[in-house]
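Novice: Quick one: the structure is below, and I'll ask about it shortly.
The values are calculated or read from the model by the stated rules, or taken from the named source; none is laboratory data. The shown structure was predicted, so the numbers you read here are calculated from the model rather than taken from an experiment. All Cβ positions, glycine included, derive from the backbone under ideal geometry; neighbour counts span all protein chains shown. Accessible surface is based on the protein model in full, side chains and every heavy atom, while ligands, DNA and RNA are left aside. Shrake-Rupley method; radii C 1.70, N 1.55, O 1.52, S 1.80 Å.
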Amino acid sequence: VGLDLIFPEPDRLSPGRLVESLPGHGAGELYARLKALPDNDEVLARALAAVPSVLGVAGYGRAHLPASARRHSAFAPARQRGGDALPFLHGHEEAVGNVAVRARAAAGRPMRSGACGGGKTRRIAFVSRVGETLAPSMGLELLRVAAGRPAFEVRVGPRGVEVVGVEDIAVPTQPDGRMWVHFSRHDRSRFVSAADVLSGATDPAVFREHLVIVGVTGLAVTDYVTTPLDERIPGVEVHANVLENIFDGRVLRRPYWAAWAEAAVLLVAGAILVVAMPASRVLLWPVVLLALFAAAAGGGAAAYRQGQVLIDAVMPVLGLGLVFVVMMGALFAEAMMQRRMLRQRLQQEREVKARLAGELDAARRIQMGILPRAETAFPGETRFSVCADLEPAREVGGDLYDFFMLSADRLFFLIGDVSGKGLPASMFMAVSKALCKSISSRNPASVAQTLQDAARDIGRENPEQFFVTLVAGILDARTGGLRIANGGHGAPYRARRGGRVGRMEAGGGPPLCTVDDFPYGETLRVLEPGEMLIMTTDGVTEALNRRGELYGTVRLGVVIERLGREPELRPHPAVAEIREGVAQFCDGAELADDLTILVIQ
């Protein structure tokens, strides 16, 4: 039986003490009879001595206890192993014990003020100190007395107290001797009313072979504590929970490495957040955080349920929340900075693009401006007609054509295609056209010599190794005589009335700038009245539709034959017909190459 009570003064209601407080108490038969009755303290002492019992003492600081109330209590001895536990224990300087007669009758004297911590009680001092003496708690002293052992055992390690127990009962504690209590719900079946015991309503067999704790549980009593389950229970039920933890094997432990484990969880989970957040989408960030929260909380819950080990998941979870907020702020700040940089870069690229587009547009205007316009080149001319059209695949291109009068009766013309596309090809095209015009003006008699000289002059400054395919000719406007030379270009078409179509295989050689000093040849032909000479670049025959098919020479030949069957054969409709045929075939597909058509009639 453990009394969670303290009796520091004699009972004032003992018969002998009661009569002393009454007037006229010194004489009379009643006085004598009352004095002869047993003292209440002695009655209680005989009851305590009749069964194994412990009677609690209370610890106080020296400053809070008057000198008249200070009493040192003799606690059961402690067998210490591994070192001295006193430096690690919390305790008191003095203890308030019980009236001597009662104290001597009890088999043990535990410290009854064992709850630790403000607010909710989570731990109790399983072993503490009073002065320089080890003092057991109510639960420990009950176990010792019930086992009939003269001492309890304390095992001390490098960090403090490790285990406290009696015989084969070993209870793990914190280094300061405190024990984590695995609280259960308030259970009224644990309690037996003192009134029922005194009246005999309770069968004494209820207490046989049990540990019994006697305490006060009235509503006005201050010995109530709040548990982590948000319940207020009397102090005696705290001791009952401690004993049940020990017998049921549900003693909670918080190892010394628990704080390191929590820090490691925070470090690993934080590293996962640091790595995962920049590499994943924003919508996945809460999922990753919740998964880490669940892992940390689940690990702590599993350790609590399976091993009775206390791992605090709150610290890693709060730390992860802080890491998440910091990372989110940093990533959003970085994203905003990148957006500003991207806006600046986009603005710069737009400016560069606009400037380049302006330059390319100027280059296109210049390129198209150096090409002669057939409608204005020969005003009042009735002996021949010329029509030309050039459409670059990009802003500027590498196709070229030209026509001009060498004399009053002789028309020089050419059509060509520079290897490559875009701005470099357009620059090479301008150089090639200018040199061809200059050379033909100096040597107007021979087309072949013009190609040979042009190949030499064009190739002289050609670091990119461009080449030019070219057809050039001289038409005598009086007779229809034609001198024509071909430098690697497609042969011109001859279209006559009645739908007759043929190819003019002109003498010549390879493309210009491919073979040094190649002696080009020329062919003499005569164009009949009304006959058309149709010349195109490979942008016509190599035009692609959306299925990747080539326009080809067959389709071009069909269009030219149809032109020959027209009632009136003219250059302008011919160019328009060819262009329309290519456009219908491509059906909106982008041009694969520059497209140029030159028609002379």
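Novice: Give the number of residues within the range 545-601 that are without any contact (Cβ under 8 Å) to a residue 24 or more places away in the chain, among the charged types (D, E, K, R) and in contact with a strand residue (DSSP E or B) (Cβ under 9 Å, 6 or more places away or on another chain).
Specialist: Of the residues in that region, 0 qualify.
Novice: Moving on to the next point. So, in the range 175-206, how many residues would count as being more than 19 Å from Leu243 (Cβ to Cβ) and touching a residue at least 12 places away in the same chain (Cβ under 8 Å)?
Specialist: So the answer is 3.
Novice: Right, something else. I need the full set of residues from the range 280-308 which are part of a helix (DSSP H, G or I) and not aliphatic (A, V, I, L, M), in order please.
Specialist: Trp285, Pro286, Phe293, Gly298, Gly299, Gly300, Tyr304, Arg305, Gln306, Gly307 - these are the residues of the range 280-308 that are part of a helix (DSSP H, G or I) and not aliphatic (A, V, I, L, M).
Novice: Within the range 537-573, count every residue that is open to solvent by 60 Å² or more (accessible area, probe 1.4 Å), within 25 Å of Asp402 (Cα to Cα) and of a type in the set (Asp, Glu).
Specialist: Final tally of qualifying residues: 1.
Novice: On the basis of being more than 25 Å from Ile578 (Cβ to Cβ), modelled with pLDDT under 90 and out of contact with any Phe, Trp or Tyr (no Cβ under 9 Å at 6 or more places or on another chain), does Glu391 make the cut?
Specialist: no
Novice: Tally time: how many residues in the range 406-425 are in contact with a helix residue (DSSP H, G or I) (Cβ under 9 Å, 6 or more places away or on another chain) and either closer than 24 Å to Gly530 by Cβ or open to solvent by 10 Å² or more (accessible area, probe 1.4 Å) (or both)?
Specialist: 7
Novice: Report, by residue number, each residue of the range 488-515 that is in contact with a Phe, Trp or Tyr (Cβ under 9 Å, 6 or more places away or on another chain) and either open to solvent by 20 Å² or more (accessible area, probe 1.4 Å) or without any contact (Cβ under 8 Å) to a residue 40 or more places away in the chain (or both).
Specialist: Gly488, Val501, Gly502, Arg503, Met504, Gly507, Gly508, Gly509, Pro510, Pro511, Cys513, Thr514
Novice: Next question. Take the range 482-509 and flag every residue that is modelled with pLDDT of 90 or more and farther than 20 Å from Thr553 by Cβ.
Specialist: The answer is Leu482, Arg483, Ala485.
Novice: Considering every residue within the range 197-206, establish whether at least one is in a helix (DSSP H, G or I) and open to solvent by less than 60 Å² (accessible area, probe 1.4 Å).
Specialist: Yes: the range 197-206 contains one or more residues that are in a helix (DSSP H, G or I) and open to solvent by less than 60 Å² (accessible area, probe 1.4 Å).
Novice: For Pro255, which of the numbered conditions (1) in a loop (DSSP other than H, G, I, E, B); (2) within 12 Å of Arg123 (Cα to Cα) fails to hold?
Specialist: (2) is the only condition that Pro255 fails.
Novice: Is it the case, given these coordinates, that Gly507 is at positive phi and over 60 Å from the mean Cα position of the chain (by Cα)?
Specialist: no
Novice: Mind checking which pairs have a first residue in the range 264-278 that is closer than 14 Å to Ala313 by Cβ and a second that is open to solvent by 60 Å² or more (accessible area, probe 1.4 Å) and assigned to a helix (DSSP H, G or I), Cβ under 8 Å, 6 or more apart or different chains?
Specialist: Matching pairs, first to second residue: Leu266/Met315; Ala269/Ala295.
Novice: Considering only the range 98-112, I want to know if a residue exists there that is farther than 24 Å from Arg46 by Cβ, touching an Asp or Glu at 6+ places or on another chain (Cβ under 7 Å) and open to solvent by 10 Å² or more (accessible area, probe 1.4 Å).
Specialist: No, the conditions are met nowhere in the range 98-112.
Novice: Tell me which residues, restricted to the range 373-388, are surrounded by fewer than 18 Cβ atoms within 10 Å (Cβ to Cβ) and within 21 Å of Val418 (Cα to Cα).
Specialist: Residue satisfying the conditions is Arg373 alone.
Novice: Would it be correct to say that Leu563 is modelled with pLDDT under 90, closer than 18 Å to Ala491 by Cβ and touching a helix residue (DSSP H, G or I) at 6+ places or on another chain (Cβ under 7 Å)?
Specialist: So Leu563 fits the description; yes.
Novice: List pairs: first in the range 415-430 and without any contact (Cβ under 8 Å) to a residue 40 or more places away in the chain, second buried (at least 24 other Cβ atoms within 10 Å of the Cβ), Cβ under 7 Å, 6+ apart or cross-chain?
Specialist: Gly422/Val396
Novice: Looking at Glu244, Glu262, which one is touching a Pro at 6+ places or on another chain (Cβ under 6 Å), in a helix (DSSP H, G or I) and surrounded by 12 or more Cβ atoms within 10 Å (Cβ to Cβ)?
Specialist: Testing whether each residue is touching a Pro at 6+ places or on another chain (Cβ under 6 Å), in a helix (DSSP H, G or I) and surrounded by 12 or more Cβ atoms within 10 Å (Cβ to Cβ) leaves just Glu262.
Listed here are the residues, each with its yes/no results for (1) open to solvent by 70 Å² or more (accessible area, probe 1.4 Å); (2) over 15 Å from Met277 (Cβ atoms); (3) more than 18 Å from the chain's Cα centre (by Cα).
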| site | (1), (2), (3) |
| --- | --- |
| Gly300 | no, yes, yes |
| Ala303 | no, yes, yes |
| Val309 | no, yes, yes |
| Phe324 | no, no, no |
| Phe332 | yes, no, no |
| Arg339 | yes, yes, yes |
| Leu342 | yes, yes, yes |
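Novice: Kindly establish whether Leu360 is more than 30 Å from Leu435 (Cβ to Cβ) and either out of contact with any Cys (no Cβ under 8 Å at 6 or more places or on another chain) or open to solvent by less than 50 Å² (accessible area, probe 1.4 Å) (or both). Before you say what the answer is, go through the steps one by one.
Specialist: Numbers: more than 30 Å from Leu435 (Cβ to Cβ): no; either out of contact with any Cys (no Cβ under 8 Å at 6 or more places or on another chain) or open to solvent by less than 50 Å² (accessible area, probe 1.4 Å) (or both): yes.
Answer is no for this residue.
Novice: I'd like the full set of residues that are in a helix (DSSP H, G or I) and open to solvent by 10 Å² or more (accessible area, probe 1.4 Å), limited to the range 429-443.
Specialist: Ala430, Val431, Lys433, Ala434, Leu435, Lys437, Ser438, Ser441, Arg442
Novice: Looking at (1) touching a helix residue (DSSP H, G or I) at 6+ places or on another chain (Cβ under 6 Å); (2) in a helix (DSSP H, G or I); (3) touching a residue at least 60 places away in the same chain (Cβ under 8 Å), which is the only condition Tyr520 fails?
Specialist: (2) is the only condition that Tyr520 fails.
Novice: Determine which single condition Glu209 fails, assuming it passes every other condition in (1) farther than 24 Å from Gly119 by Cα; (2) surrounded by 10 or more Cβ atoms within 10 Å (Cβ to Cβ); (3) without any contact (Cβ under 8 Å) to a residue 12 or more places away in the chain.
Specialist: Result: Glu209 passes all but (2).
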